[in-house]
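Comments concern the structure below.
Coordinate-derived values only; no laboratory data. Quick caveat: nothing in here was measured; it's all calculated off a predicted structure. Cβ placement follows ideal geometry from the backbone for every residue including glycine, while neighbour counts extend to all protein chains displayed.
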Amino acid sequence: MVDSDRFRALAIWSRQLESSEFEMARAGIALRSFARGQCIFREGLNFDAWPGIVEGLVKLCHRTPDGREITYTGVHAGGWFGEGTVLKGEPRRYEVVALRDTTLALLDRPTFLWLFEHSVRFNHFLVGQLSERLGQFMGLLENDRLRDPVARVARALATLFNPVLYPEAGSHIVLSQEEVGLLAGISRPVANQSLKALFQAGALKVEYGALTVVDLEQLRRFG
DNA sequence: ACATTAAATTCGA
DNA sequence: TCGAATTTAATGT
């Protein structure tokens, strides 16, 4: 079982819980590691646990019947996702792929449901999380196809720096241009050009294997 | 796809 | 343990 300090560090929502809730939650957590490129959850399987990223980077995507792939969003360290489907016990409507070596924390479904029934603080966290994602997906709906790559990259990055989903993320992230391409659904060279455009617009700084966001508001407006 | 450069790793002293 | 040499990874075009 994870120790208390580790749990507090990897699950920001745990810090809001009362001590009995905290202990219940801690007992329901398991850690699991996945290799880069590995499919973590296949589409259509039932959610038996609520996952959070301890370390690494993951994308949530869907394969259309004609073989195309739509990336819904990326999730990096500190992010928790899929609460809607865990709650309802539905099968996943997307697959989860590790873009780099990744460690997940998994909160088993019975414990998740127990917290849902008993903890007001936990529910506050869930509501904030759900409404934030709803906003993201509405944005996706508006302009999914036919968007220029700069806007796709801007949106992908803006979600990684979303202050509600990642309250303690700084403005810096270790993320290669290839990973940017995978998240935005474009090739690495195009990601390179798009990042350069965003740099010239003053939205971010590009470093070797990493990025720093200078103007998050501007990034948002690109999408 | 290829050439260049940064970073990580290995190896010898 | 230090630094040069080699290998791997990321970038720019």
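Kindly indicate the residue of the range A:186-223 that is crowded, with 19+ Cβ neighbours inside 10 Å and outside any helix (DSSP H, G or I) and also farthest from DNA strand C (Cβ to nearest atom) among those meeting that condition.
Applying the filter and picking the extreme gives A:GLY223.
Conditions: (1) within 22 Å of A:GLU55 (Cα to Cα); (2) away from DNA strand C (no atom under 13 Å from the Cβ). A:VAL174 meets all but one. Number of the miss?
That leaves (2) as the condition not met.
I'd like to know if the range A:7-26 contains one or more residues that are in contact with a Gly (Cβ under 8 Å, 6 or more places away or on another chain) and surrounded by fewer than 19 Cβ atoms within 10 Å (Cβ to Cβ).
Yes, that holds for at least one residue.
I'm told A:LYS205 meets every condition in (1) closer than 24 Å to A:ARG36 by Cα; (2) touching a Ser or Thr at 6+ places or on another chain (Cβ under 9 Å); (3) free of Cβ contacts under 8 Å to residues at least 40 places away in the same chain; (4) of a type in the set (D, E, K, R) except one. Can you identify the failing condition by its number?
Unmet condition: (1).
So, in the range A:173-185, exactly how many residues are within 14 Å of DNA strand B (Cβ to nearest atom) and either in a helix (DSSP H, G or I) or of a type in the set (Phe, Trp, Tyr) (or both)? Spell out the reasoning first.
First, the residues of the range A:173-185 that are within 14 Å of DNA strand B (Cβ to nearest atom): A:174-178, A:181.
Those still in the list that are either in a helix (DSSP H, G or I) or of a type in the set (Phe, Trp, Tyr) (or both) too: A:177-178, A:181.
Residues flagged as within 14 Å of DNA strand B (Cβ to nearest atom) and either in a helix (DSSP H, G or I) or of a type in the set (Phe, Trp, Tyr) (or both) within the range A:173-185 amount to 3.
Which one of these is within 16 Å of DNA strand C (Cβ to nearest atom) and buried (at least 16 other Cβ atoms within 10 Å of the Cβ): A:ALA98, A:ALA154? Full working, then the answer.
Details: A:ALA154 fails: within 16 Å of DNA strand C (Cβ to nearest atom).
Step by step, each of A:ALA98, A:ALA154 is checked, and only A:ALA98 is within 16 Å of DNA strand C (Cβ to nearest atom) and buried (at least 16 other Cβ atoms within 10 Å of the Cβ).
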